[in-house]
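Asker: Following this message is one structure expressed as structure tokens.
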Amino acid sequence: MNIPAIEGGTPVRDKKIYYGHQYLDQADYDAVLNVLKSDYLTCGPKIPELEEKLCKITGAKYAVVCSNGTAALHIAAMAAGLGEGDELITTPITFAASANCALYVGARPVFADINDETYNIDPDSVEAHITEKTKAVVAVDYTGQAVELDRLRKICEKHGLVLIEDGAHSIGTLYNGKHIGSIADMTTFSFHPVKTITSGEGGAVLTNSEEYYKKLILARAHGITRDTSLLEYESHGPWYYEQVDIGYNYRLTDIQAGLLISQLDKLEMFKSRRKQIVEMYNNAFADMETLTVQKEIPESDTARHLYILRLNTKKLSIDRKKFFEALAAENVMCNVHYIPVYYFPYYQKLGYKKGLCPKAEKLYDEIISLPLYYGMTDEDVVSVIDAVKKIADYYAV
């Protein structure tokens, strides 16, 4: 039996494989350079061009691009009308911004548990946590797999709630043949470099509601408008504008927009390669008693952002931390997504306690995010598979 490098054996390879990495080509470089040579670096024509392209790809009526995915969630919470005394239900297995967006507007995050096979938020748990204070649900497409949108929409319609889909992982994913971005009341995206496509930093909110769209536009840019239909006083002249609401400077630059427009041209290419890698992983791990592969619902044609491998700790004489360290010794650099949000000191000080979501907490103890990005070669994927199997077989009980 091969001995893992952590026990003194030889690593499966001498080059490190990181868990995520952006892919840029000459078209991306040219797109950025063309903007740098243009008259507008920000507040220019690339912003509406990008928003139009996002609508064309997803089928949404409106898109509002902004500085990052967190800003997208913040302005979505504002557009939904969340405020003091309101509650927003979300999952603890997510980046903190999915819950923090409630705190930004004075509302309170409430955490619903997950489905322990798909790892997405459980609609039954969502409904069980609804109170008279609940105003919205932020449902996260964890790893890129769509949440159970049909069930969540029915629950939200029944209780008069706004459904915000956190699609930070899921651009390119389809649900029952429809693109993510065109289904929920509002859908937010993130374009961080480890995501499927990137603008360095960047985000967007997509919606079919003109009412939400107008609120999102104001929230993105200081609450300031030149739209004559929104002005409250008589115009002073062609230069005139008003601040009609509170807002923020969450604008995206034309430089970033130019890059993202170019990246969107490669979305299907990126999605196809990621699906190939996921299939290679699934075929390698599906029948191993020491490991569990994430289940995918048939409604979701997933553009996978993360590949989550779950350890069957009852079948292994090694815990997650040591497994993680053993993979690093094999030059496979993984990550863990995510620490339950309410574990953090800030949330503990707000009164949240461990034990709120038992399935989510158990999942956190057992998961590792394996490398997954467009630029991985088949040789890279095989090296990851070999390292995982080497460690799992060595420590199997």
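The values are calculated or read from the model by the stated rules, or taken from the named source; none is laboratory data. Keep in mind the model is a prediction, meaning the values are calculated, not measured. Reconstructed Cβ throughout: ideal geometry from the backbone, glycine too, with neighbour counts over all protein chains shown.
Asker: Restricting attention to segment 33-45, does a residue exist that is under 30 Å from residue 117 (Cβ atoms) and hydrophobic (A, V, I, L, M, F, W, C)? Spell out how you get there, then give the answer.
Answerer: Initial filter on segment 33-45 (under 30 Å from residue 117 (Cβ atoms)): none.
Within segment 33-45, not a single residue is under 30 Å from residue 117 (Cβ atoms) and hydrophobic (A, V, I, L, M, F, W, C).
Asker: Right, something else. From the list 303, 360, 328, which one is assigned to a helix (DSSP H, G or I) and in contact with a Lys or Arg (Cβ under 9 Å, 6 or more places away or on another chain)?
Answerer: 328
Asker: May I ask you to list pairs of residues, at least six apart or on different chains, whose Cβ atoms are under 8 Å apart, with the first in segment 45-67 being of a type in the set (Asp, Glu) and the second being part of a strand (DSSP E or B)?
Answerer: These pairs meet every condition: 51/62; 51/63; 51/64; 51/65; 51/204; 52/63.
Asker: A further question follows. Could you check how many residues of segment 176-199 are within 15 Å of residue 51 (Cα to Cα), touching a strand residue (DSSP E or B) at 6+ places or on another chain (Cβ under 8 Å) and small (Gly, Ala, Ser)?
Answerer: Here the count works out to 3.
Asker: Something else about it: Take residue 131 and tell me if it is assigned to a loop (DSSP other than H, G, I, E, B) and in the same structural domain as residue 97 (by TED's automatic domain parsing).
Answerer: Against the criterion (assigned to a loop (DSSP other than H, G, I, E, B) and in the same structural domain as residue 97 (by TED's automatic domain parsing)), residue 131 qualifies.
Asker: Just wondering, is there one or more residues in segment 191-199 that are under 15 Å from residue 57 (Cα atoms), under 21 Å from the mean Cα position of the chain (by Cα) and among the small types (Gly, Ala, Ser)?
Answerer: No: segment 191-199 contains no residue that is under 15 Å from residue 57 (Cα atoms), under 21 Å from the mean Cα position of the chain (by Cα) and among the small types (Gly, Ala, Ser).
Asker: If you go through segment 44-86 one residue at a time, how many are of a type outside the set (Gly, Ala, Ser) and in a strand (DSSP E or B)?
Answerer: Here is the first cut: in segment 44-86, the ones of a type outside the set (Gly, Ala, Ser) are 45-58, 61-62, 64-66, 68, 70, 73-75, 78, 82, 84, 86.
Then drop every residue that is not in a strand (DSSP E or B), which leaves 62, 64-66.
Counting residues in segment 44-86 that are of a type outside the set (Gly, Ala, Ser) and in a strand (DSSP E or B) gives 4.
The rows are residues; the columns are (1) surrounded by fewer than 16 Cβ atoms within 10 Å (Cβ to Cβ); (2) assigned by TED's automatic domain parsing to the domain that holds residue 223; (3) under 26 Å from residue 308 (Cα atoms).
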| position | (1), (2), (3) |
| --- | --- |
| 10 | yes, no, yes |
| 17 | no, no, yes |
| 35 | no, yes, no |
| 42 | yes, yes, no |
| 45 | yes, yes, no |
| 51 | no, yes, no |
| 54 | no, yes, no |
| 70 | no, yes, yes |
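Asker: If I go through segment 98-120 residue by residue, how many of them are among the hydrophobic types (A, V, I, L, M, F, W, C), touching a residue at least 40 places away in the same chain (Cβ under 8 Å) and part of a helix (DSSP H, G or I)? Talk me through it step by step, then tell me what you get.
Answerer: Within segment 98-120, the first condition is being among the hydrophobic types (A, V, I, L, M, F, W, C), and the residues that meet it are 99, 101-103, 105, 107, 110-112, 114.
Filter once more, keeping what is touching a residue at least 40 places away in the same chain (Cβ under 8 Å): 99, 111-112, 114.
Next cut, part of a helix (DSSP H, G or I) only: 99.
Residues flagged as among the hydrophobic types (A, V, I, L, M, F, W, C), touching a residue at least 40 places away in the same chain (Cβ under 8 Å) and part of a helix (DSSP H, G or I) within segment 98-120 amount to 1.
Asker: Okay, next question. For segment 213-243, give me each residue that is under 20 Å from residue 76 (Cα atoms), in contact with an Asp or Glu (Cβ under 6 Å, 6 or more places away or on another chain) and surrounded by fewer than 18 Cβ atoms within 10 Å (Cβ to Cβ).
Answerer: 223, the sole residue that qualifies.
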